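The values are calculated or read from the model by the stated rules, or taken from the named source; none is laboratory data. Keep in mind that what you see is a predicted model, and the values were worked out from it rather than measured. Every residue, glycine as well, gets a Cβ built from its backbone with ideal geometry; the counts of neighbours run over all protein chains shown. Remember, those area values only see protein heavy atoms, side chains included, never the ligands or the DNA or RNA. Shrake-Rupley method; radii C 1.70, N 1.55, O 1.52, S 1.80 Å.
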Amino acid sequence: AEVYACAADKDQARIVFNDAKKMIEADPRLSAGAKIFRDAVEVTSTQSVFRVLSSEAFTKEGLSPTMVVYDELHAAPNRELWDVMNLGSGARVDPLVVAITTAGVRTDVSGGDSICYSLYEHGQQVASGEVVDPSFMFAWWEPADPEASHRSPDTWGEANPGFGDLIDPEDFQDKLLRTPESEFRIKRCNQWVQVSDGWFPAGVFENRARPTVVASGDRVVVAVDGSWNGDSTAVVGCTVEPEPHLFVIGLWEKPRDADNRWHVPQADVEQSIRDACKKYDVPEVVFDPYRWQRTMEALQDEGLPVSEFPQSPARMVPACSAFYDAVLTDGMTQDGHAGLERHMRNARVKRDRLGPRIVKEARGSSRVIDLAAASVMGFSRAVFYRETVPAQVDITWV
């Protein structure tokens, strides 16, 4: 038999193997029948082998496991290792694959559903009878309400069958005070989250969605962020009066199946800005100038009120701070656009000596944030015009 324990990375794999080694050495019966090597344990009587593997899938091709125990599946960067180990057991009689995990972030590095969340949804369908799969056993403890408060002892008890027995309630209360909300929800409440280090607490930005109609002639700041040949470009509007309201004017995202020849339809972006300036009273069209100088110059030549909003720390830190405060204190609303809410969830927080600001997860990541960045820019300038520049009357761009 070939038995494998899968861990998130090499360091975690070494920890798991060392723990297994200690357990074997502590039991005379186990140690008498096993040989312990640097990275494996062999049971001599059956020639069975136990190994601990890290998550690099390409090095595991060709294995033929009898049993796989995948620890903390929610931490898998993608589904590749799961598929390699799950499908590699085809040559074995009655192979077994076991995943032991808490909930985690719903998406993986590709931006799609993680393997753990996909299996969770499959398990829910099996448990409800919607899907018949007698080979799949699903045991899961979670709050009945997915949005249940992570501060409630009732939530803790629902997610932990040993709560108050094996698990000390005082430890929960203690850790609650010093743990980020998303991490506490994952580790102690077994609740799925959108991101582990996101900008806003779960659901807060989404709760600002309002069916507000922005009428022709309303004073609106237009903000543009993105790239010409990158993954996404966004155009956002933000009303000046009666309060800041964000709405999506345009969003262009690279399709998943597109190759490197794909680029943002620049002419469409420019036309969406012209159309917005014709419809609304636009005091300013703000651009992150990176790679958009030609468009900015062209629109300026047409008479549009174009200006730069460089996304430098000095500019973005105060803008992000003001935007964050407005979201948490009902100082703004948004149109509920699915892309806008997704980009907000994708945004990560970077902190330096000037303070926190939003950034993309990593260079090349498919989790784009252009709508979030454009929203911060547009909100910042809309607040400026609301506080310092009175509305103009009967001014129309031609």
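Which numbered condition in (1) surrounded by 15 or more Cβ atoms within 10 Å (Cβ to Cβ); (2) outside any helix (DSSP H, G or I) is the only one that D330 fails?
(1)
When only residues in region 363-380 that are on the phi < 0 side of the Ramachandran plot and surrounded by fewer than 24 Cβ atoms within 10 Å (Cβ to Cβ) count, which is modelled with the highest pLDDT?
Checked region 363-380; the qualifying residue modelled with the highest pLDDT is S380.
Restricting to region 333-379, count the residues that are in contact with a His (Cβ under 6 Å, 6 or more places away or on another chain), of a type in the set (A, V, I, L, M, F, W, C) and in a strand (DSSP E or B).
So the count comes out to 0.
Could you look through region 259-279, keep only residues that are open to solvent by 30 Å² or more (accessible area, probe 1.4 Å) and either touching an Asp or Glu at 6+ places or on another chain (Cβ under 7 Å) or of a type in the set (A, V, I, L, M, F, W, C) (or both), and pick out the one that is farthest from V220 (Cα to Cα)? Outline the logic, then answer.
So in region 259-279, the residues open to solvent by 30 Å² or more (accessible area, probe 1.4 Å) come out as 259-263, 265-268, 271, 274-275, 278-279.
Okay, now just the ones that are also either touching an Asp or Glu at 6+ places or on another chain (Cβ under 7 Å) or of a type in the set (A, V, I, L, M, F, W, C) (or both), so 262, 267.
Numbers: W262: 31, A267: 22 Å.
Looking at residues that are open to solvent by 30 Å² or more (accessible area, probe 1.4 Å) and either touching an Asp or Glu at 6+ places or on another chain (Cβ under 7 Å) or of a type in the set (A, V, I, L, M, F, W, C) (or both), I get W262.
Step by step: first the residues of region 61-89, then only those that are charged (D, E, K, R) and without any contact (Cβ under 8 Å) to a residue 40 or more places away in the chain, then the one that is farthest from D113 (Cα to Cα). Which residue is that?
First, pick out the residues of region 61-89 that are charged (D, E, K, R): 61, 71-72, 79-80, 83.
Add one more test, that the residue is without any contact (Cβ under 8 Å) to a residue 40 or more places away in the chain, and what stays is 61, 79-80, 83.
Details: E61: 23, R79: 10, E80: 13, D83: 15 Å.
Top of the filtered list is E61.
Just name the residue that is modelled with the highest pLDDT out of those in region 151-179 that are of a type in the set (V, I, T) and closer than 17 Å to Q191 by Cα.
Taking region 151-179 as the starting set, the residues that turn out to be of a type in the set (V, I, T) are 155, 167, 179.
Those left that are additionally closer than 17 Å to Q191 by Cα: 155, 179.
On the way: T155: 95, T179: 79.
Per the stated criteria, the residue is T155.
Give the residues of region 127-137 that are open to solvent by less than 60 Å² (accessible area, probe 1.4 Å) and within 19 Å of P95 (Cβ to Cβ), sorted by residue number.
Scanning region 127-137 gives D133, F136.
Kindly indicate whether S135 is under 30 Å from E2 (Cα atoms) and touching a residue at least 12 places away in the same chain (Cβ under 8 Å).
no
Restricting attention to helices (runs of 4 or more DSSP H) lying wholly within region 97-216, give those where 2 or more residues are under 21 Å from A372 (Cβ atoms).
Where helices (runs of 4 or more DSSP H) fall fully within region 97-216 and carry at least 2 residues being under 21 Å from A372 (Cβ atoms), they are 181-189.
Kindly list the number of the only condition in (1) of a type outside the set (F, W, Y); (2) in contact with a Phe, Trp or Tyr (Cβ under 8 Å, 6 or more places away or on another chain); (3) open to solvent by 20 Å² or more (accessible area, probe 1.4 Å); (4) at negative phi that fails for E253.
Going through the list (1) of a type outside the set (F, W, Y); (2) in contact with a Phe, Trp or Tyr (Cβ under 8 Å, 6 or more places away or on another chain); (3) open to solvent by 20 Å² or more (accessible area, probe 1.4 Å); (4) at negative phi, E253 breaks only (2).
Could you tell me which numbered condition D335 fails, if it satisfies all but one of (1) under 16 Å from Q194 (Cα atoms); (2) open to solvent by 40 Å² or more (accessible area, probe 1.4 Å); (3) modelled with pLDDT of 95 or more?
That leaves (1) as the condition not met.
Suppose we keep only residues that are of a type in the set (A, V, I, L, M), under 20 Å from S152 (Cα atoms) and open to solvent by less than 40 Å² (accessible area, probe 1.4 Å) within region 180-202. Which one would you say is modelled with the highest pLDDT? Walk me through it before giving the result.
Kept after step one, since they are of a type in the set (A, V, I, L, M), are these residues of region 180-202: 186, 193, 195, 202.
Filter once more, so that each one left must be under 20 Å from S152 (Cα atoms): 186, 193, 202.
Pick out the ones that are also open to solvent by less than 40 Å² (accessible area, probe 1.4 Å) and you get 186, 193.
Values: I186: 90, V193: 82.
Out of the qualifying residues, it is I186.
Take region 76-91 and flag every residue that is of a type in the set (A, V, I, L, M) and open to solvent by 50 Å² or more (accessible area, probe 1.4 Å).
Those that are of a type in the set (A, V, I, L, M) and open to solvent by 50 Å² or more (accessible area, probe 1.4 Å): L87, A91.
Kindly indicate the residue of region 203-216 that is open to solvent by 60 Å² or more (accessible area, probe 1.4 Å) and free of Cβ contacts under 8 Å to residues at least 60 places away in the same chain and also nearest to the chain's Cα centre (by Cα) among those meeting that condition.
If we take residues in region 203-216 being open to solvent by 60 Å² or more (accessible area, probe 1.4 Å) and free of Cβ contacts under 8 Å to residues at least 60 places away in the same chain, then N207 is nearest to the chain's Cα centre (by Cα).
If E142 meets every condition in (1) acidic (D, E); (2) under 23 Å from the mean Cα position of the chain (by Cα); (3) over 17 Å from L73 (Cα atoms) apart from one, which number is that one?
Of (1) acidic (D, E); (2) under 23 Å from the mean Cα position of the chain (by Cα); (3) over 17 Å from L73 (Cα atoms), only one is false for E142: (3).
Within the group R357, R353, R291, R342, which residue is open to solvent by 20 Å² or more (accessible area, probe 1.4 Å) and touching a Cys at 6+ places or on another chain (Cβ under 6 Å)?
Working: R353 fails: touching a Cys at 6+ places or on another chain (Cβ under 6 Å); R291 fails: touching a Cys at 6+ places or on another chain (Cβ under 6 Å); R342 fails: touching a Cys at 6+ places or on another chain (Cβ under 6 Å).
Only one candidate passes the filter, namely R357.
Here's a check for you: in region 5-40, which residue that is in a strand (DSSP E or B) and touching a Ser or Thr at 6+ places or on another chain (Cβ under 9 Å) is surrounded by the fewest Cβ atoms within 10 Å (Cβ to Cβ)?
Step by step, filter region 5-40, then rank; the result is K35.
Can you pull out every residue in region 164-176 that is of a type in the set (A, V, I, L, M, F, W, C) and within 24 Å of A75 (Cα to Cα)?
I167, F172, L176
Looking at (1) in contact (Cβ under 8 Å) with a residue 24 or more places away in the chain; (2) part of a loop (DSSP other than H, G, I, E, B); (3) within 29 Å of the chain's Cα centre (by Cα); (4) more than 14 Å from V224 (Cα to Cα), can you tell me which one G303 breaks?
Just one mismatch for G303, condition (3).
Of everything in region 248-279, what is in contact with a Ser or Thr (Cβ under 8 Å, 6 or more places away or on another chain) and among the β-branched types (V, I, T)? Give them in sequence order.
Within region 248-279, I249, V264, V269 meet the criteria.
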